[in-house]
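Presented below is the structure to which this report refers.
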Amino acid sequence: MQRDPLQNHSGGNSYRFNQALPVSILAVTCAFALLTGCGTVKPEGDYRKAAALITKHTGAKEVYDPALDPLIEKKVEELLRDGLHLEEAIQVALLNNRGFQSSFLDIGVSRADVVQSGMLANPVVTLLPRIPDVGGRINLTTGLAQELSALWQMPIAKKTALNQLENTVLKVGDAAITLAAQVKTQYYGLVTLTESERTERENAVLVDQSMTLAQHRFDAGETTLLDVNLLKSDAVAARMRLSKIQGEIEQARASFAKLLGIDKSGITWELVDPVGEPKGDIADNAALIQVATAQRLDAQVGAMEVRLAESELAKQGRSVISHLTLGVESERTDKNAGPSRFARGVAAWNPATDAHPSYPMPAEDKLAAKYNVNRLTGPSLETDLPIFDQNRAQIAKARIQVMQKRKAFEEVEESIREDVEKAAVDVRKAAERLRVSKGEALPLAEQNYETAQRVYKAGEDSISLVIEAHKTLIGARNDQIQALGDYAAAMAELERSVGGRLDAATGDNP
């Protein structure tokens, strides 16, 4: 006798395969999950690397750290207490300048890109039910697919992301050097203005003394009212110069406070370091250029930009086939074996003879309904065919961009030489101007003023001689102060042009 096909299905291969299918799909999904990983972003090490680089090039003891953000305000208050030294001002800016803080956080963004570059795309699960219009089981198609093109693109993508991270660190370091130079320049500028204000007050005292002398001579009938009025005009001019300098100081303080990020803090602060005198000559241009070539971070950024462009060219070369998906699909359909005996009995029922029929489904029909299905399972592969687009345009574009970045890097090298030479010229010119002003112009102006005062007291000449000598003295004093400030600013620019430190090319700095 032939065995009923509906019997002993628990030992059939089809049943075992259907039970194993969900397990197989789950295993494949777990395997992809293990390959992909969870992708935790931890940029703390990169922040420390950037801080060490900035300390090396600027000498700052402490640099902004996002993890210590809540403590920065307290640190800044401690640095501003009891006067602000130049090195403290640089440290405050590197801790508290909002623009620098924003640039520093780019490091964390780049680290996230590195993590992302080492991750596969998420697998794609499909579920497609179809309802037949004549009844029966729902036709169900399921699928699990994984994009695999990243497997041959991932190494170059990760290398590119790491290079971009290093490039970001270099850019942040270069921004710190520029910020430190700006702090020095504005610090020296504000100190120079403060010194000019002090000198202008001393000039006003000298004018008052001359005016008192002229008034006594006028009262004694030894001079005319014109001398007194000329000195009064000179005193008014001195007050106007003093008012102008005070306005410039207020503007400079506001700008400096914004640079340090303390413009809204309401903390009282004062600068305590004077502008230093020159301490020896700077090195020759060749030595300075050599130091700049080794230290300038923007030169390293330019070289890194070339490597990034080369990585992009390699990536485009691997993107001729940019899409490859491997997966597994399963489809469940009815075997379409015709109606069961239960269905035939229901179709033959006559409602005229039995108003409330009851036809429970026989066990054999239930078993037939359970196993009367087809399940088709197999792998799936989807890829693009490089027929019309072989990525040649993008490869050509990337190749041109490599040439472009190389030219830009050569331009940076030329600019470094130009920056150093210009800054060195400014330093030497300011030093010479300071030497002449301090050693010749100012002593001569002081001597002439004393002589004019003595001659006027003796009644040998008019007050015009005193006024003219006084103007010359004011100009000489202001020239010396300005020359000293210009020298300090030129030195700050020279330090920036060589990459932050002059230690390798010259001796002590002012």
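Put one equal scatterer on each alpha carbon of the range 54-199, apply the Debye formula with no solvent term, and list log10 I(q)/I(0) at q = 0.12 1/Å to two decimals. One equal scatterer on each Cα of the range 54-199 leads to -0.69.
Would you please give the FRET efficiency between residue 432 and residue 240, computed as 1/(1 + (r/R0)^6) with r the Cβ-Cβ distance and R0 = 41 Å, to the nearest 0.05?
In this case the efficiency is close to 0.85.
A simple spin-label model places pseudo-atoms 7 Å from Cα toward Cβ; at residue 74 and residue 44 they are separated by 1.9 nm. Let's test the formula: R0 of 41 Å, r as the Cβ-Cβ distance of residue 151 and residue 258. What FRET efficiency results, to the nearest 0.05? After rounding to 0.05, the efficiency reads 0.20.
Report the gain in length on full extension from residue 414 to residue 457: 0.36 nm times residue separation, minus Cα-Cα distance, nm rounded to one decimal.
Answer, rounded to one decimal: 9.3 nm.
Cross-link partners of residue 471 among lysines, defined as those whose alpha carbon lies under 27 angstrom from its own and excluding same-chain residues fewer than eight positions apart: 232, 244, 429, 438, 457. In this rough spin-label picture, where each label sits 7 Å from Cα along the Cβ direction, the residue 102-residue 249 distance is 3.3 nm. Computed from the C-beta positions of residue 55 and residue 216 and an R0 of 60 Å, the FRET efficiency is 0.45 to the nearest 0.05. For the range 176-254, a Kirkwood radius taken over Cα pairs fed into Stokes-Einstein (4 °C, viscosity 1.567 mPa s) yields D = 88 µm²/s. Cross-link pairs exceeding 18 Å between alpha carbons, from the set 158/315; 61/258; 315/397; 159/315; 61/184: 61/258. Computed over the range 286-328, the quotient of the alpha carbon radius of gyration and 2.2 N^0.38 Å is 2.09. Over all other residues within a Cβ to Cβ distance under 13 Å of residue 75, the charged ones net out to -4, with Lys and Arg as +1 and Asp and Glu as -1.
No lab work stands behind these numbers, since they all come straight from the coordinates. From a predicted model like this one, the values you see are computed outputs, not experimental measurements. FYI the Cβ positions are ideal-geometry reconstructions off the backbone, even for glycines, and counts take in every protein chain you see.
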